[in-house]
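Below is one structure, written out as structure tokens; the observations come after it.
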Amino acid sequence: MNPFENIRIGFFRLNLTSDDVYGDDRLEIYNDPLFNEQDFRHLSNFYSNYVNIGDPQYRHARIQRMLRLMFRVFTINVTTKTTEIDRIRMNEMAAILFEQLFNSPTINGKANPHYNYFNRSIASIQPGYDNVNDGFALIFLAFLSPHVLSMAEFERYFAQLHQHFTRNSYHQAVSNSLMSGNLSEYHSPQGFANQLNAANLDSETALLIALWAMGIASQYYIQFGRVWPKTLEEVLQRFLQYDFLRKSYLVMANDDVSKILSMPAVLKSLESMYEFVHIILGIDIASLPILVEDDRPDSHEAVDSDDNSGVSEGAVGGATEEETQGCLICSGPLNQSKNDTRSVLCSVCVRAL
């Protein structure tokens with residue numbers, strides 16, 4: 001019995017139920033776009049099941065195959081030339097689904113675990129709260145964001161999702177003794193990646209890294225008319241969140257200010273993030289041909305917004321240590337208490353400690 005369901009996202013349909021089609025024949029393109037919550041759940045389940053079956057030595061290949069499929073969905077939905085009516089329909093469908101999942105207290109009469117997902121302070125993000133499915137929320141956000149969110153909103157929501165993801169998945173793994181509770185084990189990209197591999201969290205982390213990059217690429221293509229990437233490798237090379245390791249470490253260490261302040265500098269480097277991605281995804285970004293300057297998004301590209309929590313100067317690639325003027329955990333306004341080491345944190349994160 002086929003455990004998978006057909007998946008329809010925008011103009012794209014993946015036929016997983018027919019036994020008489022194979023390979024690329026399972027990929028179908030439609031003239032009319034469609035978004036449905038259930039299809040995102042099917043994609044989330046498909047990814048989880050596909051990457052976790054079979055011989056472990058081919059795990060990287062399965063993860064890459066799924067991420068390339070998702071990149072193909074992005075490419076079709078973002079770059080397909082459509083009528084203005086179809087584009088409006090896509091945006092309206094996406095907005096309705098987004099509102100229903102993240103801003104509605106109930107869905108079909110049942111409590112919605114994702115309600116207020118992006119409005120919770122880090123203090124309220126506890127491991128496993130409300131049975132939230134962060135992987136599903138990630139896929140939902142990534143594929144709908146080009147049709148719903150401004151760049152500033154996108155950056156803020158993905159940063160919040162990263163915090164949810166880290167505290168739920170990583171902290172729960174530590175609680176279950178699947179990952180070490182000794183933060184010295186995370187002081188290098190190799191050590192961090194080895195811990196995630198041991199806890200079987202490499203596939204979730206790979207999905208977060210890749211979809212974050214694809215989402216940024218979509219925003220730059222739609223809002224600024226930048227060239228669309230040709231491959232998954234190019235997406236990662238151009239739009240990788242370079243401070244992913246730093247932010248992950250800070251959230252994991254937020255119950256110990258001394259550990260936050262003693263975070264190793266190696267976790268802040270571009271080279272370390274490349275090494276981390278190589279171990280988790282099996283893609284060696286450092287060995288790729290250097291992109292010409294015109295292919296790189298300008299990290300200082302301005303986005304008009306009154307929201308200080310939106311795009312920072314290092315939105316693509318993340319702010320450097322010198323640029324980071326806000327809370328080390330959430331980048332919010334700092335706690336201004338004098339002679340207090342916690343002045344590197346905001347008041348919300350201080351209360352969470």
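The values are calculated or read from the model by the stated rules, or taken from the named source; none is laboratory data. What you see is a predicted model, and the numbers here were worked out from it, not measured in a lab. A quick note on method: Cβ atoms are made from the backbone with ideal geometry, for glycine too, and the neighbour counts reach across all protein chains shown. Note: accessible area is taken over every heavy atom of the protein model, side chains too, but ligands, DNA and RNA are not part of it. Shrake-Rupley method; radii C 1.70, N 1.55, O 1.52, S 1.80 Å.
Side notes on the structure shown:
- On the basis of the beta-carbon distance and an R0 of 22 Å, N119 and E37 show a calculated FRET efficiency of 0.65.
- Extension gain from N108 to R68, taking 0.36 nm per residue of separation minus the Cα-Cα distance: 11.0 nm
- Gyration tensor (alpha-carbon) shape descriptor, the stretch 66-108, a/c threshold 1.5: oblate
- Full-stretch length increase - V227, T83 - with 0.36 nm per residue and alpha-carbon distance subtracted: 49.8 nm
- Difference of contour (0.36 nm per residue) and Cα-Cα distance, N176 to N91: 26.5 nm
- Within the stretch 9-115, chymotrypsin sites (Phe, Trp or Tyr not before Pro) in DSSP loop having at most 12 other beta-carbon neighbours inside 10 Å: Y22
- Distances between placed amide hydrogens fall under 5 Å for I9 paired with L14, all partners being 5 or more residues away or on another chain.
- FRET E, pair Q190, D20, Förster distance 45 Å, beta-carbon r, rounded to 0.05: 0.50
- When K81, K268, K247 are compared by accessible surface with a 1.4 Å probe, the order from highest to lowest is K81, K268, K247.
- Accessible area per residue for the stretch 203-283 is 29 Å², calculated with a 1.4 Å probe on protein heavy atoms, without ligands, DNA or RNA.
- Label zone (E5, point 7 Å along Cα-to-C-beta; backbone nitrogen cut-off 12 Å) within the stretch 27-54: 36-46.
- Spatially proximal lysines relative to K247 (Cα-Cα < 21 Å; intrachain offsets below 8 disregarded): K259, K268
- A straight line joining the Cα centroids of the stretch 126-202 and the stretch 235-282 runs 12 Å.
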